[in-house]
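In what follows, a single structure is set out as structure tokens and then discussed.
The values are calculated or read from the model by the stated rules, or taken from the named source; none is laboratory data. Remember, predicted model here, so these are calculated numbers, not experimental data. Using ideal geometry, Cβ is built from the backbone for each residue, glycine included, and neighbour counts are taken over all protein chains shown.
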Amino acid sequence: MGTLGKTIVIGIFTFFGTSYIFAQQNFTELHDAFRKSYTLEGNGDFQLAINELKTVYQEDTYEINLRLGWLNYMAGSFNESIAFYQKSMELMPYADEPKFGYIFPLTALGRWDEVIAVYNQILENSPHNTKAMYYLGTIYYNRLQYDKAITYFKQIVDLYPFDYDGLLIYAWTKLKLGNKKEAKDLFQKVLLNKPKDASATDGLALASS
């Protein structure tokens, strides 16, 4: 092999070898920062956990932005949390995970119309996401908009006919809408799932009166 060929081979080896070492060093630093952040979070030191991750912050790294969204939410820094979750959603636009996280600070700030919009985005992407259905329906239930709430609860029960949470809220919504017979049947199903459930017992008594 000529001198030029040897130089090229050595250059390639050096480039990839250096990249590999930097990658390993980068992962080690990231891993250490994440590990420390979990320990600090467990101790309730949310700001210190945030500071730890910021030492390795990379704007284009989904995992760091997602984690900082959560930690800022836990620290009560809701606007900062929103910013990090928004960045996470930009990096992974089809993922449901950052959208569910984004809902936490929005809820804390009482921005309910935006929360509803995010749940609808999740359901557009994942039509059978019962978690989104349940919480979206619950928002309408708490607003006394039972006619809207029931559509989501019905979908949950259609998908999971013996699910405790879905059956219970569906039963109460039926009762609120004045459908006592259907509510009674649903409360009885809940009691087959959890025989001593207080909420279902109370609901059954009201539906039977």
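Among the residues in region 181-193, are any outside any helix (DSSP H, G or I) and out of contact with any His (no Cβ under 9 Å at 6 or more places or on another chain)? Give the derivation first.
So in region 181-193, the residues outside any helix (DSSP H, G or I) come out as none.
Among the residues of region 181-193, not one is outside any helix (DSSP H, G or I) and out of contact with any His (no Cβ under 9 Å at 6 or more places or on another chain), which makes the answer no.
Scanning region 114-168 for residues that are assigned to a helix (DSSP H, G or I) and either touching a strand residue (DSSP E or B) at 6+ places or on another chain (Cβ under 6 Å) or among the small types (G, A, S) (or both), which turns out surrounded by the fewest Cβ atoms within 10 Å (Cβ to Cβ)?
Step one: filter region 114-168 for residues assigned to a helix (DSSP H, G or I), giving 114-125, 130-142, 146-159, 164-168.
Keeping just the survivors that are either touching a strand residue (DSSP E or B) at 6+ places or on another chain (Cβ under 6 Å) or among the small types (G, A, S) (or both) gives 117, 132, 137, 149, 166.
On the way: A117: 11, A132: 24, G137: 27, A149: 24, G166: 25.
Restricting to residues being assigned to a helix (DSSP H, G or I) and either touching a strand residue (DSSP E or B) at 6+ places or on another chain (Cβ under 6 Å) or among the small types (G, A, S) (or both), the top hit is A117.
Looking at region 60-82, which of its residues are over 16 Å from the mean Cα position of the chain (by Cα) and either buried (at least 16 other Cβ atoms within 10 Å of the Cβ) or closer than 15 Å to P98 by Cβ (or both)?
Start the filter on region 60-82 by keeping residues that are over 16 Å from the mean Cα position of the chain (by Cα), which leaves 60-61, 75-77, 79-80.
Correct list: D60, T61, A75, S77, E80.
Given the options N125, N142, name the one that is touching a residue at least 12 places away in the same chain (Cβ under 8 Å) and polar (S, T, N, Q). Steps first, answer last, please.
On the way: N142 fails: touching a residue at least 12 places away in the same chain (Cβ under 8 Å).
Exactly one of N125, N142 is touching a residue at least 12 places away in the same chain (Cβ under 8 Å) and polar (S, T, N, Q), namely N125.
Yes or no: E90 surrounded by fewer than 16 Cβ atoms within 10 Å (Cβ to Cβ) and either within 22 Å of Y119 (Cα to Cα) or touching a Pro at 6+ places or on another chain (Cβ under 9 Å) (or both)?
Numbers: surrounded by fewer than 16 Cβ atoms within 10 Å (Cβ to Cβ): yes; either within 22 Å of Y119 (Cα to Cα) or touching a Pro at 6+ places or on another chain (Cβ under 9 Å) (or both): yes.
Yes.
For region 83-130, which residues satisfy the criterion of being of a type outside the set (D, E, K, R) and either over 20 Å from Y73 (Cα atoms) or modelled with pLDDT under 95 (or both)?
Selection gives P93, Y94, N120, Q121, I122, L123, N125, S126, P127, H128, N129, T130.
Would you point out which residue out of S208, S199 is over 29 Å from L66 (Cα atoms), in contact with a Lys or Arg (Cβ under 7 Å, 6 or more places away or on another chain), surrounded by fewer than 18 Cβ atoms within 10 Å (Cβ to Cβ) and of a type in the set (G, A, S)?
Working: S199 fails: in contact with a Lys or Arg (Cβ under 7 Å, 6 or more places away or on another chain).
Testing whether each residue is over 29 Å from L66 (Cα atoms), in contact with a Lys or Arg (Cβ under 7 Å, 6 or more places away or on another chain), surrounded by fewer than 18 Cβ atoms within 10 Å (Cβ to Cβ) and of a type in the set (G, A, S) leaves just S208.
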